[in-house]
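Read the structure below first, then the notes.
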Amino acid sequence: MNKQVKQILLIVLAVLLIGELAFLGFRALRGEEPHQPDLPPAAASSPTVETMEAFASSAPSEVSATEVSEAPTEASTEPKESRYVLTFTGDCTFGSTAEKWSNGYGFVKTVGENYNWPFENLRPYFEADDFTIINLEGPLTDSGTPADKQFVFRGLPDYTRIMTGASVEAVTLANNHARDYGQTGYNNTVQALTDGGIAYVERDGTALYTTESGLTIGLYAASFSFRESSIRAAISGLREQGAEIVVCAFHWGDEGTYRPNGSQEYFGRLAIEAGADIVWGHHPHVLQKIERYGNGVIFYSLGNCSFGGNTYPKDYDSAIVQQEVIRGSDGTVRLGELTIVPISLSSVSGRNNYQPTPLQPDTEAYARVLSKLDGSFRGADLISAETAPPTQMPTVPAETGETGVPETAAPEIPTGEIPGSTGAES
């Protein structure tokens, strides 16, 4: 090939190269991507597991693969998890018996008009949560006829300010002292709660409560008399009404005993199986174990809290529990972490001054509280189950077809999850 031909070929190649570069530059100005050949499978890189999981969690499950690839990826468009905290306490009696109304160490004289006194040391927990509920053990009334029984409690209608001042949102009235001053005293209590803006759930009744943060809680309450059909119907009804979390408040068990009886275990587990998330028990006036069961949790007894019914209890140990609730990005709701705050009924030693106070970690009392809640406590009951009044031991209803309580293995609570009993006069 002569020199002139070579020069002509080089000129042609240069023109073609310049033309290709000009074409690519024109496509780039239009925002088009240059074509790339398909890679063989062995050469294609796969996303990491973390990337795949993060992407999948942000995409609705019903969206097709094509739709997912075209979905917006900005973080601001992805739904977020919401977290809530619900607080539960032991029995609260704001008042006393008529005989101790004027007692210098009694509840009425101790509190006076300082309505912040009873929950002064627990208020930080109540105010920081989304919902606090207590068992109001005794009427708040200025009138009514006292019941003919050993222990009859009464407090003042103004004692609702004890609750409102400490961010207590709700109470249960399903207990054996709510009508200590008859229907009149009960009605006055309901009116006082209503005037104070405090929600309540009555015996064999249900109620819905939506927190300021937007969680809808369903409440069902029962006292001593339990029927499987009633439990299932109440839980189902609350779900149909929009309850995201269902709490069963059960007044049950044997006073002074540190271990739940078979009936408590049967109905507590039945409620969880029927769709409840939390079973919150009271009445024994001492701590009993906490049990994780299925997807729920059972607080068999949280003892007493601010309890005007006994100035010199045999047991000052108690606890408040705070249950986290998580609403996922997909709208489903589940239980999260459980926080236990071990407390003493009193902020002084030697007597009950009705001001429950958190215990210091690494103390004997703190460890003892934990042992009562994890079921490892082996101390003697204050009152034996054999001598407890028979009305305190509900039995399995005939409608279940059982003649006794079914044997069900108790699920174990993982060690370390339970970090918080109390004598009473009722």
Exercise. What pairs in Lys100/Lys289; Lys149/Lys314; Lys109/Lys314 have C-alpha atoms more than 28 Å from each other?
Worked result: Lys100/Lys289
Problem set entry | For Asp129, net neighbour charge (Lys/Arg +1, Asp/Glu -1) across residues whose Cβ lies under 15 Å away | -4
Seminar exercise, completed: With all protein chains in place and a 1.4 Å probe, Leu193 shows an accessible area in Å² (nearest 10) of 0
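Pull out a ≥ b ≥ c, the square roots of the eigenvalues of the alpha-carbon gyration tensor of segment 163-322, then state rounded if a/c is under 1.5, prolate if not and a/b is larger than b/c, and oblate in the remaining case. List each step's numbers first, then the result.
Numbers: a/c = 1.44, a/b = 1.04, b/c = 1.39.
Because its axes are fairly even, with a/c under 1.5, segment 163-322 counts as rounded.
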Seminar exercise, completed: If unit charges are put on Cβ atoms (+1 for Lys and Arg, -1 for Asp and Glu) and the dipole of segment 262-355 is taken about its Cα centre, the option from Val325, Ala271, Tyr312 lying farthest towards the positive end turns out to be Tyr312
Exercise. For segment 235-322, what is the accessible area per residue in Å² when the probe is 1.4 Å?
Worked result: 22
For this session: Would you grab the residues whose amide H sits under 5 Å from the one on Asp204? Only those 5+ places off in sequence or on another chain, please, with H modelled 1.01 Å from N.
Result: Ala221, Ala222, Ser223
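Among Phe377, Phe94, what's the order by accessible area (1.4 angstrom probe), most exposed first?
Values: Phe377 40, Phe94 5 Å².
These residues rank, largest area first, as Phe377, Phe94.
For segment 125-193, which whole-number percentage of the solvent-accessible area (1.4 Å probe, protein heavy atoms only) is attributable to carbon and sulfur atoms?
Values: 1050 of 2470 Å².
Answer for segment 125-193: carbon and sulfur cover 43 percent of the accessible area.
Taking a 1.4 Å probe, which of Val190, Val279 shows the most accessible area, and what order do the others take after it? Show your work: numbers first, answer last.
On the way: Val190 25, Val279 0 Å².
Heavy-atom accessible area, descending, gives Val190, Val279.
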Exercise. What FRET efficiency would be calculated for the residue pair Thr145, Glu113, taking the C-beta separation as r and a Förster radius of 25 Å, to the nearest 0.05?
Worked result: 0.40
Exercise. Just the accessible area for Glu169, please: 1.4 Å probe, Å², rounded to the nearest 10?
Worked result: 40
Problem set entry | Glu99-Thr357 pseudo-label distance in nm [points 7 Å out on the Cα-to-Cβ vector] | 2.9
Exercise. When all protein chains stay in place, what accessible area (Å², nearest 10, 1.4 Å probe) is found for Val111?
Worked result: 10
For this session: For Asp130, Asp180, Asp158, write out the residues from largest to smallest accessible area, computed with a 1.4 angstrom probe and no ligands counted.
Result: Asp158, Asp130, Asp180
For this session: Work out from phi, with θ = phi - 60° and the Karplus expression 6.51 cos²θ - 1.76 cosθ + 1.60, the ³J(HN,Hα) of each residue of segment 82-92, listed in order in whole Hz, and give x for Gly and Pro.
Result: 10, 10, 9, 10, 10, 10, 10, 10, x, 5, 10
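The values are calculated or read from the model by the stated rules, or taken from the named source; none is laboratory data. Everything quoted here is computed from the prediction, not taken from an experiment. Heads up, the Cβs are rebuilt from the backbone with ideal geometry, glycines too, and the neighbour counts pull from every protein chain shown. Quick note on the areas: whole protein, heavy atoms, side chains included, nothing else; ligands and nucleic acids left out. Shrake-Rupley method; radii C 1.70, N 1.55, O 1.52, S 1.80 Å.
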